[in-house]
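Undergrad: Would you mind keeping the following structure in view while I ask a few things?
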Amino acid sequence: MSAPLDGNAIGGQLNEVFGTEMTAATAVCGNCGATGPAAELAVYLLSPGVVGRCRQCAALLIVLVTVRGITCVDLRGLAALEPGPAGS
Amino acid sequence: MERAAVRGRLTWQLANVVELAAETARTRTIVLEPAEPLGHRAGQHVDVRLTADDGYQAQRSYSIASAPDDEHLVLTVERLDDGEVSPYLVDDLRVGDALELRGPIGGYFVWDESLGGPLLLVGGGSGVVPLRAMLRHHRAVESRIPLRLLYSVRSLDEVIYRDELTRARPDGELDIRFTLTREQPDGWDGYARRIDRELLADVAWPVEDRPLVYVCGPTGFVETAADILVSLGHDAGRIRTERFGPT
C-alpha cells in the first residue's frame with residue numbers, strides 16, 4: 001500500500017458529510033485514545049472510498065464509501081469527533 | 001428556483017480560466033475567475049472535478065496558490081504522468097475553458113495573521129504551493145511577523161515561482177532559503193542536500209521562540225521534517241502538516 005496522505009485530503013468529503021469544516025475537528029481514537037486534529041489522520045484514498053486510520057496505533061477510525069451519489073459513513077472506530085473553532 | 005448556498009456548505013461551481021503560465025516543465029499555474037468568489041484563507045485548497053463525455057467523473061484536491069487578497073483564484077498543478085486529472089490540467093486546459101470546482105476546503109492547514117508566529121514554512125516540491133499563498137498573504141497585510149521559508153527541490157529548474165521567490169530579498173521579516181537536493185548550479189551557496197537534522201536546526205527558529213510551523217510536501221518529506229522538528233524540541237502542537245502524493 002502506498003504511503004498514506006492525511007485528513008486534509010478528505011476535507012471536501014468530510015464537509016459534504018458533516019456540512020461544515022472538519023479538518024480542524026478534534027478526533028479521539030477509540031482504540032488508543034490518541035487525540036488530534038482530523039487533518040492528522042492517516043488517510044488512504046481507495047476507490048470507491050476513503051479510509052482514515054489513527055496515526056499512532058493504525059486503528060480504523062473513518063470509512064467513507066460513495067456509491068451512486070450516496071455516501072456510507074462508518075465512524076465506529078472514533079471515540080469522539082468534535083468540530084474545532086475555525087482556524088484554531 | 002435557484003439553489004441558495006448555505007454558509008459553510010460546499011457547492012460545485014464553474015470557474016473561468018483567464019490565464020495559464022508554465023512554472024516548470026511539469027507544473028502549470030492556472031488563474032481562475034469563479035462565478036462566486038471563494039473568500040478563502042491562505043493554505044486552503046479546492047476540489048476540482050472533471051467529467052468525461054460518458055459521464056465518468058474524477059476529482060482531486062489542489063492547494064490554492066493565491067492569497068485571499070489577490071484578485072484571482074490561482075492553482076498550481078504538477079503533472080503526474082499516470083494521473084487522471086493533472087495531465088489534463090497541465091497539458092490540455094486552455095484559456096476560456098471552464099473548470100468545475102468547490103471550496104474553499106480546510107481549516108487546519110491555514111494561516112492568518114491572528115495566529116501569530118514566528119512562522120516557519122517548510123515545503124518539499126510542489127508542497128510549496130499553499131505556503132506561497134501564506135507568503136503572499138503575509139506580504140499583502142504587511143505583517144511584521146518574522147517568516148522563514150525552506151523550500152526543498154531537486155534542482156533550480158524545478159523551483160516553482162522561481163522569479164517571485166528569488167526576487168524576495170531577506171528584509172528581516174522575510175527569509176527564503178532553498179535546498180537543491182539533486183543538482184546545483186555552479187557557485188551555488190545554498191543548501192545542497194535532503195533535509196536532515198542539522199539543516200532544520202539551522203533554519204528553524206530557536207525552540208524558545210515557539211515558532212508556528214507549516215510543513216507541506218510528499219508524505220515521506222513531511223514525516224521526516226515533522227519528526228526532526230519535534231526531536232529538536234519544537235512543540236508538536238504548533239507543527240501543522242499537509243501531505244500529498246500520487247492519487
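Undergrad: Rounded to the nearest 10 degrees, what's the angle between the helix B:128-140 long axis and the longest principal axis of chain B, both from Cα atoms, 0 to 90?
TA: Approximately 80 degrees, to the nearest 10.
Undergrad: If one puts a single equal scatterer on every Cα of chain A and applies the Debye formula without solvent, what log₁₀ I(q)/I(0) results at q = 0.16, 0.17, 0.21 Å⁻¹?
TA: After summing over all Cα pairs, the log10 values are -0.55, -0.63, -0.97.
Undergrad: Another question, then. Hey, can you grab everything whose amide H is under 5 Å from the amide H of B:F244? Only 5+ residues off in sequence or another chain; H modelled, so Pro and N-termini drop out.
TA: The list, which skips near neighbours in sequence, is B:G217, B:T219.
Undergrad: Another question about this same structure. Tell me the angle of helix B:219-231 to the major Cα principal axis of chain B, expressed in degrees between 0 and 90 and rounded to the nearest ten.
TA: 40
Undergrad: Still on this structure: Relative contact order for chain A using alpha-carbon pairs under 8 Å, separation at least 6, rounded to a whole percent?
TA: Relative contact order comes out at 29 percent.
Undergrad: Scan chain B and report its longest stretch carrying no chymotrypsin sites (Phe, Trp or Tyr not before Pro) that are both in a DSSP loop and have at most 15 other Cβ atoms within 10 Å.
TA: My reading of the result: B:57-187 is the longest stretch.
Undergrad: Give me, ordered by chain and number, the residues 5 or more places off B:S66 or on other chains with an amide H under 5 Å from its own placed amide H.
TA: B:V74
Values in this text are rule-based calculations from the coordinates and carry no lab data. The structure displayed is predicted, hence computed values, not measured ones. Neighbour counts run over all protein chains shown; Cβ positions are idealised from the backbone, glycine included.
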